[in-house]
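The values are calculated or read from the model by the stated rules, or taken from the named source; none is laboratory data. Given the structure is predicted, the values throughout are model-derived calculations rather than measurements. When we count neighbours, we look across all protein chains shown, and the Cβ atoms used for this are built from the backbone with ideal geometry, even at glycine. All accessible areas refer to the heavy atoms of the entire protein, side chains included, with ligands and DNA or RNA removed. Shrake-Rupley method; radii C 1.70, N 1.55, O 1.52, S 1.80 Å.
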Amino acid sequence: MAHSRGGGGRDPGDGAAGDSPHMAPIVRSLIERGVVIRRPSSVDVAPSVVPDKIAPGVVIHAYCRIRGAATSIGPGSELGAEGPVTLEDCQLGSRVALKGGYFSGATFLDGAAMGSAAHVRPGTLIEEEAGGAHAVGFKHTIFLPYVTAGSLINFCDALVAGGTSRKDHSEIGSSYIHFNFTPRQDKATPSLIGDVPRGVMLDQPPIFLGGQGGLVGPARIAFGTVIHAGAICRQDILRERTLFVPPPFPLETRSFAAGVYRRVDRIVANNLIYIGNLWALREWYREARGLTMSADAFARACRAGALARIEEGLAERIKRLKELAAKMPSSISRARAETGEDLPPEIKAQQQALADRWPEIEARLNAGPPPGAGAARRDAFLREWERTARGAAHADAVRALNPAARRSGTEWLQAVVDSAASPRL
């Protein structure tokens with residue numbers, strides 16, 4: 001958000017452009033181009049930062065640190081209003097407010113915001129007017145427009161969609177956790193809350209994850225789902241507009257063998273669907289977002305950053321699924337030693353199939369969707385998109401699409417998602 005006081009002039013009690021003989025040359029050059037830096041002697045800007053990638057009028061408060069040649073900060077953005085910000089190789093669109101915390105290898109589109117004490121790591125993409133309140137942790141996290149997280153949240157390895165505006169948005173309640181590490185020490189746990197093919201159209205009902213709750217990945221949650229406060233969801237919810245009430249959890253103890261897996265078919269299926277959604281989002285940025293993210297160098301940097309974040313997410317998901325596949329032979333061989341009996345034949349067959357077929361699956365995932373997936377529907381969508389999107393703000397362009405174009409766009413992206421699916425193990 002733009003600061004009400006422009007320029008680099010003296011601001012009583014707050015420091016000003018000329019208040020220190022110890023100002024670094026790069027800080028002085030930023031001030032000379034119109035960046036507003038409060039207490040310049042306290043702000044640490046690395047020589048790797050390119051001054052032209054920080055827009056005039058950006059406000060940088062005291063004790064912020066900025067690093068990385070890939071860093072780009074768009075007009076009207078503000079760093080450190082509530083506490084110091086460390087920013088490393090991030091791309092910010094216009095009117096982005098990062099109020100305090102650590103941000104590395106992440107991309108924030110127009111109007112995104114994060115409260116103080118944030119901890120945002122690589123692979124994170126926060127789209128228009130989405131974000132979180134204070135003390136929020138993200139890594140390999142993707143929020144489509146308007147998605148909002150409360151405070152005291154750890155939400156890594158997930159993609160969230162849903163909602164139509166800032167007043168009608170998907171919500172993650174305060175003190176929520178996405179459980180992304182298993183007692184068997186794997187992270188093949190990405191969760192898909194909503195989806196990309198319909199979520200990018202900004203016309204789906206929001207999803208509500210109630211505060212002081214949690215979601216155990218990998219899970220899929222349908223649009224319109226409400227999970228009440230305090231609930232832990234350990235399953236997929238595939239019927240839309242569902243109020244989830246968790247079943248009673250049995251109070252019991254039983255033996256647990258950390259190295260021995262049970263069913264893996266659902267884990268693999270959910271991972272492949274998640275990867276398919278990342279493929280679809282990548283296609284969306286390649287084919288559609290160029291028209292609404294080309295107005296200036298800062299928008300173009302955000303588009304490039306978003307594509308980089310999606311690629312990082314794909315690499316992470318393939319890596320984690322590969323690690324899971326590598327555990328299968330040990331799981332099979334250790335079952336009797338750890339539990340006193342062999343795995344049931346169906347479960348053993350699933351695990352063996354994952355181990356045996358992994359080279360084939362990995363090659364297919366690295367190759368991406370087959371050429372021409374959904375091409376006819378893509379072309380129909382893009383003809384209408386080019387008419388409505390050129391020169392328009394992204395959300396306005398999406399809202400201007402007629403129902404037929406929306407259907408074509410969704411069917412195109414869904415065909416990309418479906419191309420990642422694998423036959424049952």
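Compute the distribution of all C-alpha to C-alpha distances in segment 32-130, in bins of 5 Å from 0, and list the percent of pairs in each, rounded to whole numbers.
Bins of 5 Å from zero give 4, 15, 27, 32, 17, 5, 1 percent of pairs.
Tell me, how many Å apart are the Cα centres for segment 368-393 and for segment 62-114?
If you average the Cα positions of each part, the centres end up 31 Å apart.
Which net charge results when you count Lys and Arg as +1 and Asp and Glu as -1 among the other residues whose beta-carbon is under 15 Å from that of Lys167?
Neighbourhood net charge equals -3.
If I compute solvent accessible area with a 1.4 Å probe over the protein chains, what percent of it on the chain is carbon and sulfur? Walk me through the numbers before you get to the answer.
Values: 9400 of 17710 Å².
Result for the chain: 53 percent of the exposed heavy-atom area is carbon or sulfur.
Amide H neighbours of Ser175 under 5 Å, at least 5 residues apart or on other chains, H built in the peptide plane: list them.
The list, which skips near neighbours in sequence, is Ser151, Leu152, Ile153, Gln212.
Anything over 20 Å Cα to Cα? Flag those among Lys319/Lys348; Lys99/Lys167; Lys139/Lys167; Lys322/Lys348; Lys187/Lys322, in the order listed. Please list the in-between numbers first.
Numbers: Lys319/Lys348 23 Å; Lys99/Lys167 22 Å; Lys139/Lys167 26 Å; Lys322/Lys348 18 Å; Lys187/Lys322 10 Å.
Table pairs above 20 Å Cα-Cα are Lys319/Lys348; Lys99/Lys167; Lys139/Lys167.
Once phi is turned into ³J(HN,Hα) by the Karplus curve 6.51 cos²θ - 1.76 cosθ + 1.60 with θ = phi - 60°, what whole-Hz value does each residue of segment 82-93 show in order, with x for glycine and proline?
Those phi angles translate into 10, x, x, 10, 10, 10, 10, 6, 10, 10, 10, x Hz.
Could you give the nm distance between label points at Phe249 and Gln235, where each point is 7 Å from its Cα heading toward the beta carbon?
Distance between the two pseudo-spin positions: 1.5 nm.
Please list the non-local residues whose amide H lies under 5 Å from the amide H of Ile66, H modeled 1.01 Å from N, same-chain partners needing a gap of 5 or more.
The answer is Asp44, Val45, Ala46, Leu87.
Averaged per residue, what accessible surface does the chain expose to a 1.4 Å probe, in Å²?
About 42 Å² of surface per residue is accessible.
What shape does segment 185-274 have by the C-alpha gyration tensor, where a ≥ b ≥ c are the square roots of the eigenvalues, rounded means a/c under 1.5, and otherwise prolate means a/b greater than b/c and oblate the rest?
Oblate, because a/c is 1.5 or more while a/b does not exceed b/c.
Between Arg166 and Ala24, how high is the FRET efficiency from 1/(1 + (r/R0)^6) when r is the Cβ-Cβ distance and R₀ = 51 Å? Nearest 0.05.
My answer for the efficiency is 0.85.
Put +1 on the Cβ of each Lys and Arg and -1 on the Cβ of each Asp and Glu in the chain; which of Ser116, Gly259, His134 then has its Cα farthest toward the positive end of the dipole?
Gly259
Sorted from largest down, give the three principal axis spans of the alpha carbons of segment 30-87, whole angstrom values.
Computed over segment 30-87, the largest-to-smallest principal extents equal 24, 19, 17 Å.
Tell me the label-point distance for the pair Glu386, Ser41, using the 7 Å Cα-to-Cβ offset, in nm and rounded to one decimal.
5.8
Taking amide H atoms as placed 1.01 Å from N in the peptide plane, list the residues 5 or more away in sequence, or in a different chain, whose amide H sits under 5 Å from that of Ala118.
When sequence neighbours closer than 5 places are left aside, the close amide H contacts are Gly100, Gly101, Tyr102, Ala135, Val136.
Which value at 222 nm does the chain reach when only helices count, each DSSP H run of 4 or more adding -39,500 (n - 2.57), with the total divided by all residues and rounded to the nearest 500 deg cm²/dmol?
Rounded to the nearest 500, it is -11000 deg cm²/dmol.
Under a Cβ-only charge scheme (Lys and Arg +1, Asp and Glu -1), can you give me the dipole magnitude of the chain about the Cα centre, in debye to the nearest 20? Don't jump to the answer; show the numbers that get you there.
Working: 51 positive and 44 negative charges, 59 e Å.
Taking the Cα centre of the chain as origin, the dipole is about 280 debye.
Looking at segment 307-408 from every direction and averaging, what is the projected area of its Cα convex hull in nm²?
Result: 10.1 nm².
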